[in-house]
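To start, the structure itself, in structure tokens.
Read-outs: derived from the displayed coordinates by stated rules, not from any lab. These figures come from a predicted structure and were not determined experimentally. Note that we place each Cβ from the backbone using ideal geometry, even for glycine, and neighbour counts take in every protein chain shown.
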């Protein structure tokens, strides 16, 4: 079954190294928490808020051994007034036997405010 694995992280500055490093941290956390193998990934969509234009965050996946052939696309997030700034969001499509309830969606730094319901679920379990 193909499942979506979500993740988000924020950065402090619109700088290439910070954007790529934060994206790598997020992806590695998503991989670890969900036991993801590159061969099981159909595609990865990465969006950034409009003020982040110093780098393509997809560069981070090319740093990870075995992820060379995983299809990745970057795009701009919808600029909703009052939304979280300097945010990188990921939607990873993964072939997995896990149920939707078992998927661990990862929210780091200021992005934890995006899905407090998932954070509370983890604390309760």
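Points worth noting:
- Extension gain for residue 15 to residue 84 (0.36 nm times residue separation, less C-alpha to C-alpha distance): 23.1 nm.
- Extension gain (nm, one decimal) between residue 99 and residue 33, 0.36 nm per residue minus Cα-Cα: 22.4 nm
- Extension gain, residue 2 back to residue 113 (0.36 nm per residue minus Cα-Cα distance, nm): 37.3 nm
- Considering only beta bridges that DSSP places wholly inside the chain, some 70 percent are antiparallel.
- Anisotropy class of the chain from Cα gyration tensor, a/c 1.5 cut: oblate
- With contacts taken as Cα pairs under 8 Å and at least 6 residues apart, the chain reaches a relative contact order of 42 percent.
- Fewest-first ordering of 74, 113 by other beta carbons within 10 Å of each residue's beta carbon gives 113, 74.
- Anisotropy class of the range 20-75 from Cα gyration tensor, a/c 1.5 cut: prolate
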